[in-house]
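Structure provided below as structure tokens; questions to follow.
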Amino acid sequence: MSAAFALTDLDLARLPGRRDEDWRWSDLRGLIRQPVEVSPELDRPAAPGGAFIGLARDEFVFANGQLNDWPQEALSPALAFHLHDDPGAARMADVMPMAQLAAERHVGPPLHILTVRAGETAAIRFRFISRATGTGHHLRLGVMLEAGAQAVVLESYEGQGEDYLANVALEFYLADGARLERIAAADEAESAISVSSAEVHLKPGAAFAQTLLVGGAKRQRFETQISHPGGGADVRADGVYLVGGRRHADLTSVVTHEAVDGTTSQLIKGVARDQGRGVFQGRIVVAEGADRTDARMGHHALILSDRAEVDAKPELLIFADDVQCAHGNTVGRLDEDALFYAMQRGLPPEAARALLTEAFVGEVIDRVEHEGAREAARTWVSERLGGG
């Protein structure tokens, strides 16, 4: 191994905490107080599994932060996979501290890069497996789409241990006219700390769409920072969080429109019950000169118990004049009239609540473009709401 610890004493001082505005609801510094040893490498390929099983020809498995299995001999001709020993710093590391730690503390080659060749189409599956107890692991992974390429990326985060730290940094680069849809489903252990940080860079004419499905953990955060070039580029940044027990889920995103003629649409829906806590932080920045930007953001959440909590902070920062921008935010309870009518039709109370809650988040699922992933997402939601 190339590192003695997953987190050292020095690293602990760099963890984001309550004094960091974008982390005040998802404090890590107060949660991790001791150095964390590196998770062990798995000695055999992981068994098949994950939310998107069977939906992609090319599957890459990362277990405890290390490459565990990939189709080396049968890689699709549309793809190229490289290991980089000296890739340089991530562009957005200064605003994503956990991504910076992932780049520094990753065991093995500092960066894996998967390239979708120009004009090609691909379906790619990434499995991030944490089979560890009381240890930590980091991973840095890049995905590059060349001009005109199209791809769907399916990510599953699979917790198979306890009390672990899992930290993933992803970098997406889309060339002119490239199109990428990213769908991620996270099933971490309730005692885990899990962070996934993604930076997205688009060229004019590119399109990026994502749907994040998260169930929370002791502390779970999905952060997306998007550099939007305008020029006809299009972004959709959606998500669903379903938290129960004492789980915590944080969906944070920043989309920065840097030039004219860009569009962004964002829809986040969440459900918190028991003592679960959901966090949404969304910021859309329209820089000076980024005229004719069209940006829409919506966050809507249900609280299903008196001890659950939802914290939301939607923001629009606009420095241009000729724009169309709007945001909305609602937090409430299930409609009692709708619940009454569902029960009048013979549904037990718990089944009625599950049905209405599933319909509430279904608007996000309906926006998933890949048919197989859309059905897998419906199943993921249904399984987590089946208990009411």
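Tell me, which residue of the range 349-388 that is out of contact with any helix residue (DSSP H, G or I) (no Cβ under 7 Å at 6 or more places or on another chain) and β-branched (V, I, T) is surrounded by the most Cβ atoms within 10 Å (Cβ to Cβ)?
Applying the filter and picking the extreme gives V364.
Take L141 and decide whether it is crowded, with 24+ Cβ neighbours inside 10 Å and touching a residue at least 40 places away in the same chain (Cβ under 8 Å).
no
Also, quick follow-up: Given A132, A123, A93, A102, which one is within 20 Å of Q220 (Cβ to Cβ), crowded, with 18+ Cβ neighbours inside 10 Å and touching an Asp or Glu at 6+ places or on another chain (Cβ under 9 Å)?
A132
Right, here's the next one. Quick test for you: out of D163, D176, pick the one residue that is surrounded by fewer than 19 Cβ atoms within 10 Å (Cβ to Cβ) and within 17 Å of V195 (Cβ to Cβ).
From the options D163, D176, the qualifying one is D163.
Do we have E104 as among the acidic types (D, E) and out of contact with any strand residue (DSSP E or B) (no Cβ under 7 Å at 6 or more places or on another chain) here?
Criteria met by E104.
Under 8 Å by Cβ, and 6 or more places apart or on different chains, what pairs join a residue from the range 231-249 that is among the basic types (K, R) and surrounded by fewer than 24 Cβ atoms within 10 Å (Cβ to Cβ) with one that is modelled with pLDDT of 95 or more and part of a strand (DSSP E or B)?
If the second residue must be modelled with pLDDT of 95 or more and part of a strand (DSSP E or B), the pairs left are R236/F208; R236/A209; R236/Q210; R236/T264; R236/S265; R236/Q266.
All but one of (1) touching a residue at least 40 places away in the same chain (Cβ under 8 Å); (2) surrounded by 17 or more Cβ atoms within 10 Å (Cβ to Cβ); (3) over 18 Å from R236 (Cβ atoms) hold for G282, so report the exception by its number.
For G282, the exception is condition (3).
Among the numbered criteria (1) buried (at least 24 other Cβ atoms within 10 Å of the Cβ); (2) within 19 Å of A132 (Cβ to Cβ), which single criterion is violated by D187?
(1)
The values are calculated or read from the model by the stated rules, or taken from the named source; none is laboratory data. Note that the structure is a prediction, hence the values are computed from the model and not measured. Because the Cβ atoms are built from the backbone with ideal geometry, glycine has one as well, and the counts that use them run over all protein chains shown.
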